[in-house]
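To keep things clear, I will list the structure first and then write my remarks on it.
The values are calculated or read from the model by the stated rules, or taken from the named source; none is laboratory data. Every value quoted in this text rests on a predicted model; they were computed, and no experiment measured them. Reconstructed Cβ throughout: ideal geometry from the backbone, glycine too, with neighbour counts over all protein chains shown. Only protein heavy atoms, including side chains, enter the accessible area calculation; ligands, DNA and RNA are left aside. Shrake-Rupley method; radii C 1.70, N 1.55, O 1.52, S 1.80 Å.
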Amino acid sequence: MGEAGRGRVAFFDFFPVPDNIAGYVWDFPTQVKGTPMRCWGVYDTNLLADRKRPALKEPLAEEMKRHGFDLNDYEIKGHPIRWYSPRNKASVPRVLLVGDAVGADGIFGEGISMALGYGAVAAQEIAESFRRGEFSFRGYKRRVARSGVGQTLFVRWFITRVIYFFKWRWFHILLWRVLKPIVLAAAWVFVLNWSKRIP
Ligand SMILES: Cc1cc2nc3c(=O)[nH]c(=O)nc-3n(C[C@H](O)[C@H](O)[C@H](O)COP(=O)(O)OP(=O)(O)OC[C@H]3O[C@@H](n4cnc5c(N)ncnc54)[C@H](O)[C@@H]3O)c2cc1C
């Protein structure tokens, strides 16, 4: 859809959380064939899916309406995402998993950089398996857990479970608006920049 004066800013709004949609509505700048456009969507971790809640598209329609758009005028697409948990399987003998197959970030559903990070760790595991001539990949999960990508995914898995279970409106206003400088500083140290820690 057209830019509607929101410039190059990407918006995340966590207002659906108190209604048991444990995620956010997004409004991102994008380009279609070189023309600046906006991409809207709603992300849900499904952490609160067993509780009473509106249809997923309702908060999206509500937010779009606030900005003068009617969701019915646009095509809707749905995509599943698999987020990381330390319990997820990472390999079986002779098979390694990477990217979403192991799991992406639960907080935002970010997984492109992680997929690349997994690739680097998997390459190391495969190289070492060739050196040893043994392909059980038994140590792979530990290797992922010790890597920069594994550490950030673990921290993000923990944060996901905290921020989406504390679903009060005041908590999310406090977290994302009032405490924004502190959240950004903590994110900078503990969540972002993990690629610099690739072994
Ligand atoms: C709507 C949406 C928005 C997102 N936005 C962001 C974002 O802004 N930033 C971000 O970092 N992440 C985002 N993500 C997550 C990100 O897209 C994924 O985490 C990332 O693409 C995972 O990469 P991957 O290589 O593991 O898997 P994929 O990108 O899913 O690649 C897997 C590939 O395998 C192919 N495939 C599947 N089965 C077979 C088969 N049997 N044989 C051969 N090929 C097969 C598929 O067609 C696909 O091309 C978003 C996800 C969604 C759904």
For region 11-73, what does the relative contact order come out to in percent, with C-alpha contacts under 8 Å and a separation of six or more? 27 percent
Projecting the Cα atoms of 147, 129, 172 onto the charge dipole of the chain, where Lys and Arg contribute +1 and Asp and Glu -1 at Cβ, the residue farthest towards the positive end is 129
Compute the helix-to-body angle for 148-163: its Cα long axis versus the longest principal axis of the chain, expressed 0 to 90° and rounded to tens. 40 degrees
So the carbon and sulfur contribution to the accessible area of region 91-197, 1.4 Å probe, in percent, is 70 percent
Rounded to the nearest whole Å², what accessible area per residue is found for the chain with the 1.4 Å probe? 61 Å²
Once amide hydrogens are built 1.01 Å from N within the peptide plane, the residues lying 5 or more places from residue 83 or on another chain with amide H under 5 Å from its amide H are 104
Sequence ranges 100-107, 113-120, 150-157, ranked by mean other-Cβ count within 10 angstrom, highest first: 100-107, 150-157, 113-120
When only C-alpha pairs under 8 Å and at least 6 residues apart count, what is the relative contact order of region 1-129, in percent? 15 percent
Ordered by residue, what ³J(HN,Hα) values in Hz, to whole numbers, does region 17-34 give under the Karplus form 6.51 cos²θ - 1.76 cosθ + 1.60, where θ = phi - 60° and Gly and Pro are x? 4, x, 8, 6, 9, 7, x, 8, 9, 10, 9, 10, x, 8, 9, 10, 6, x
Phi angles of region 65-80, converted by Karplus (6.51 cos²θ - 1.76 cosθ + 1.60, θ = phi - 60°) into ³J(HN,Hα) in whole Hz with x for Gly and Pro, give 4, 4, 9, x, 10, 10, 3, 4, 7, 10, 6, 10, 10, x, 9, x
Gain upon complete extension [residue 6, residue 28; 0.36 nm per residue less C-alpha separation]: 7.0 nm
Mind checking which lysines have their Cα closer than 21 Å to the Cα of residue 180? Skip sequence neighbours fewer than 8 apart in that chain. 167
Spelling out what I want: for every residue of region 114-123, take phi, set θ = phi - 60°, compute 6.51 cos²θ - 1.76 cosθ + 1.60 (Karplus), and round to whole Hz; glycine and proline get x. 5, 4, 5, x, 4, x, 5, 5, 5, 4
Testing the spin-label approximation: label points 7 Å from Cα along Cα→Cβ at residue 161 and residue 15. State their distance in nm. 3.1 nm
Ranked output for segments 188-195, 20-27 by mean other Cβ atoms within 10 Å, highest leading, reads 20-27, 188-195
For the residue 151, residue 73 Cβ pair and Förster radius 45 Å, calculated FRET efficiency rounded to 0.05 is 0.55
List the residues whose amide H sits under 5 Å from the amide H of residue 96, counting only those 5 or more places along or on another chain, with H placed 1.01 Å from N in the peptide plane. none
Any lysines whose Cα falls less than 22 Å from that of residue 89, other than same-chain ones fewer than 8 residues away, would be 141
Region 74-113: relative contact order from alpha carbon pairs under 8 Å, six or more residues apart, as a whole percent, is 40 percent
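Using 0.36 nm times the number of residues separating residue 185 and residue 88, minus their current alpha carbon distance, what extension gain do you get?
On the way: separation 97, 0.36 × 97 = 34.92 nm, distance 2.92 nm.
In short, 32.0 nm is gained.
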